[in-house]
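Below is one structure, written out as structure tokens; comments come after it.
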Amino acid sequence: MQPRVQRATKKYIDFALVEDYPLRFSKAKGRRVECLSGVVWITACNELSDYMLKAGEVFIIPNNDLTLIEAIGNCRVRIDLPNLFIHVLHRMLVLCGWDRLVKGVSRLRGLSSLPDWLR
């Protein structure tokens with residue numbers, strides 16, 4: 001049985017996992033993985049050891065390489081989603097550079113319809 005999404009919000013996704021069907025993540029450095037029930041086995045590329053989590057324990061993904069999250073038996077895990085604002089800002093910096101981003105924000109600040117926090 002493939003991993004099933006049990007609940008999804010803006011901040012996290014809960015998965016139901018069974019043995020031999022791991023979740024695969026890459027480019028997920030800093031994401032928080034919480035075991036909600038059962039036992040989870042985590043293998044992160046370039047780490048010297050694997051990690052086992054029981055209900056209530058948390059693991060922070062250490063790098064952007066491949067990370068496998070697998071159940072021992074049946075389990076449920078919660079994966080935190082990245083902050084959307086930070087993610088978008090990072091992508092904008094990568095794609096257009098700091099100078100162009102600052103110029104764009106300066107132009108936006110001149111608009112009267114912007115919320116106060118963006119001015």
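Could you list, in sequence order, all residues of the stretch 12-46 that are at pLDDT 90 or above and polar (S, T, N, Q)?
The answer is SER37, THR43, ASN46.
Would you mind telling me which numbered condition in (1) out of contact with any Cys (no Cβ under 9 Å at 6 or more places or on another chain); (2) modelled with pLDDT of 70 or more CYS75 fails?
Unmet condition: (1).
Within the stretch 12-27, does at least one residue satisfy the condition of being out of contact with any strand residue (DSSP E or B) (no Cβ under 8 Å at 6 or more places or on another chain), surrounded by 13 or more Cβ atoms within 10 Å (Cβ to Cβ), farther than 14 Å from ASP80 by Cβ and assigned by TED's automatic domain parsing to the domain that holds GLU70? I'd like the intermediate steps shown before the answer.
Within the stretch 12-27, the first condition is being out of contact with any strand residue (DSSP E or B) (no Cβ under 8 Å at 6 or more places or on another chain), and the residues that meet it are 27.
Cutting the leftovers down to surrounded by 13 or more Cβ atoms within 10 Å (Cβ to Cβ) gives us none.
Checking the stretch 12-27: not a single residue is out of contact with any strand residue (DSSP E or B) (no Cβ under 8 Å at 6 or more places or on another chain), surrounded by 13 or more Cβ atoms within 10 Å (Cβ to Cβ), farther than 14 Å from ASP80 by Cβ and assigned by TED's automatic domain parsing to the domain that holds GLU70.
Name the single residue that is farthest from the chain's Cα centre (by Cα) among those in the stretch 29-42 being crowded, with 19+ Cβ neighbours inside 10 Å and of a type in the set (A, V, I, L, M).
In this case the residue turns out to be VAL40.
The values are calculated or read from the model by the stated rules, or taken from the named source; none is laboratory data. Keep in mind that what you see is a predicted model, and the values were worked out from it rather than measured. Methodologically, a virtual Cβ is constructed for each residue, glycine included, from the backbone with ideal geometry; neighbour enumeration extends over all protein chains shown.
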